[in-house]
Amino acid sequence: MDFGRYLEPGRVLHLFCRFPHGIEKHKLLVLADNDEECLFFVVNSEINPFIEQRQHLRDQQIFLSSPDHDFLSHDSWLACHEAFPMARAEVLHQICENPDGCLREVIGDELKRKIIETVRRSLTLTSLDIQLIATSLSD
């Protein structure tokens, strides 16, 4: 089965993540770019106090209402201040191992537009990542 077809920008996935500070856990992620190194935005239950206190970071959090998104069990936030990278091969491996557990819906056009608008104003993402993400979510 070709699981690569599920890696369309805007796809929500539930994947095991190894974050830079030694934190390892399953998280809901929104695929922002699907090159050999995929870029994701992380879905969080709340905004971290560090981010809340810094307006330029706070402005890059998008509120997600659970009634508007079937993949959520409660209101959440999409953290667009940082693109979390994961090797495409690792993403595909996790999908192959547990497709029903990993694959969620594709976000709608309205949320894609909000992400693109937020990313274009980013002070924390690289100009290359901004271009890649805006292009991927526009297609």
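Odds and ends about this structure:
- Helices of the chain meeting both criteria, an alpha-carbon length of 15 angstrom or more along the long axis and an average Kyte-Doolittle score not below -0.5, with helices taken as full DSSP H segments, are 127-138.
- The magnitude of the dipole of the chain, with charges of +1 and -1 set on the Cβ of Lys/Arg and Asp/Glu and taken from the Cα centre, is near 320 debye.
- Long-range Cα-Cα pairs in the chain (distance over 21 Å), rounded percent: 38 percent
- Taking a ≥ b ≥ c as the square roots of the eigenvalues of the Cα gyration tensor, an a/c ratio of 1.5 or more together with a/b no larger than b/c marks the range 65-139 as oblate.
- Scanning residues 5 or more positions from ASP75 or on other chains, those with amide H under 5 Å from its amide H are SER66, with H placed 1.01 Å from N in the peptide plane.
- Based on Cα contacts under 8 Å between residues 6+ apart, the chain shows a relative contact order of 28 percent.
- Calculated [222 nm] ellipticity per residue, helices only, for the chain: -8500 deg cm²/dmol; basis is -39500 (n - 2.57) per DSSP H run with n ≥ 4, divided by all residues, nearest 500.
Throughout, read-outs are computed from the coordinates displayed, never taken from laboratory work. The model shown is predicted, which means the values in this text are computed figures rather than measured ones. Glycine also receives a Cβ, built like all others from the backbone with ideal geometry; neighbour counts cover every protein chain displayed.
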